[in-house]
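Reading through the structure tokens given below for one structure.
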Amino acid sequence: MSAKIIDGKAVSAEVRERVAAEVSEFIEGGGHQPVLATVLVGDDPASHVYVANKHKACEAAGIGSVHHELPAETSQADLVTLVEALGDDDAIDGILVQLPPPEHIDPDAVIAAINPAKDVDGLTATNAGLLAGGRPGLVPCTPAGVIELLDHAGTELEGAEAVIVGRSNLVGRPLISLLLGRNATVTAAHSRTRDLAAVCSRADVLVAAVGVPELLGADHVKPGATVIDVGINRTDDGLKGDVDFEAAVEVAGAITPVPGGVGPMTIAMLMANTLAAARARAI
Ligand code: NAD
């Protein structure tokens, strides 16, 4: 039996259309046009592509955007000053600093400078704390996209055994809180987990956010489980997820491909967060 493929491109397009319609409604109802500010330090080609895609998505959603590009040798102090100024700027609703910054800059210091009301990546201690406490705030885009995909796939979360492999601040940890908030029974597995296959194969919902190509295979998947693969790994054989897709697809009930699964969701949720930040600031 082959699993149902969860089409992240299609779900992302739906979310982006929904956000575009809500942006129009917000403006027609007397609201201002939401504006996202992006900040990019240095000349990493992949980061340039990511930022350009974010601006294109803004345009399509009717969201305004401004971009600040700083040379690689920019000091941490200068970057923090810019991020703080954007936080005070009434014309800006969302701030996105493209990570990682060059090595001489501490990403935590930059994140700490983001006004939490404009933290559309959901990375500040304020938003992480709100999420951990089960209170409303801005939620990191990739984990929010994972929940959107699970809902789209019709996966029952209430009471389900959910196993997340990976505990990063960007993906794994926020997912623990999001899935707990949906009344799943959540296990966080990581690099020190003793018997990863035994833990994973209990899961009705298995989320891989590791960064190791094809770490999880058929032995890790419970028959009929929903498998969400967050991993994006560049290998000599092309882009691979953290799940061995060919093996897992034969066991799972539903599964995301790589590419075309979680990847397209991140940008859609960024649009949703920018609108949410604009609405909250307008109250
Ligand atoms: P990270 O390196 O910050 O965290 C990886 C986690 O995996 C750690 O918690 C570690 O304990 C765990 N881990 C490492 N090796 C392990 C092993 N052998 N067994 C079990 N657990 C292990 O990574 P991240 O930022 O969370 O990213 C994870 C993956 O998701 C990467 O491939 C990244 O490219 C991808 N990613 C994709 C998107 C997207 O938009 N789709 C967004 C963010 C990250």
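Of the helices (runs of 4 or more DSSP H) lying entirely inside segment 128-235, the ones with 3 or more residues being in contact (Cβ under 8 Å) with a residue 60 or more places away in the chain are found at 141-152. Checking 77, 125, 162, 153 one by one, the residue that is touching a Leu at 6+ places or on another chain (Cβ under 6 Å), more than 26 Å from residue 32 (Cα to Cα) and not basic (Lys, Arg) is 162 and no other. Exactly one residue out of 210, 165, 230 is within 9 Å of the ligand (Cβ to nearest atom), in contact with a His (Cβ under 8 Å, 6 or more places away or on another chain) and either closer than 24 Å to residue 4 by Cβ or not charged (D, E, K, R) (or both): that is 165.
Taken over segment 216-242, residues that are surrounded by fewer than 24 Cβ atoms within 10 Å (Cβ to Cβ), aliphatic (A, V, I, L, M) and within 16 Å of residue 198 (Cα to Cα) amount to 1. Does at least one position in segment 188-198 carry a residue that is surrounded by 19 or more Cβ atoms within 10 Å (Cβ to Cβ), farther than 18 Å from residue 264 by Cα, more than 7 Å from the ligand (Cβ to nearest atom) and modelled with pLDDT of 95 or more? Looking for residues that are surrounded by 19 or more Cβ atoms within 10 Å (Cβ to Cβ), farther than 18 Å from residue 264 by Cα, more than 7 Å from the ligand (Cβ to nearest atom) and modelled with pLDDT of 95 or more, one finds none in segment 188-198, hence no. None of 30, 42, 8 is over 19 Å from the mean Cα position of the chain (by Cα) and either surrounded by 13 or more Cβ atoms within 10 Å (Cβ to Cβ) or among the aliphatic types (A, V, I, L, M) (or both) except 42. In the set 225, 276, only one residue is away from the ligand (no atom under 16 Å from the Cβ) and within 30 Å of residue 59 (Cβ to Cβ); that residue is 276. Residues that are crowded, with 24+ Cβ neighbours inside 10 Å and not in a helix (DSSP H, G or I) were ranked within segment 243-257; the one that is farthest from the ligand (Cβ to nearest atom) is 252.
The values are calculated or read from the model by the stated rules, or taken from the named source; none is laboratory data. All values reported here derive from a predicted model rather than from experimental measurement. Every residue, glycine among them, receives a Cβ derived from its backbone with ideal geometry; neighbour counts consider all protein chains shown.
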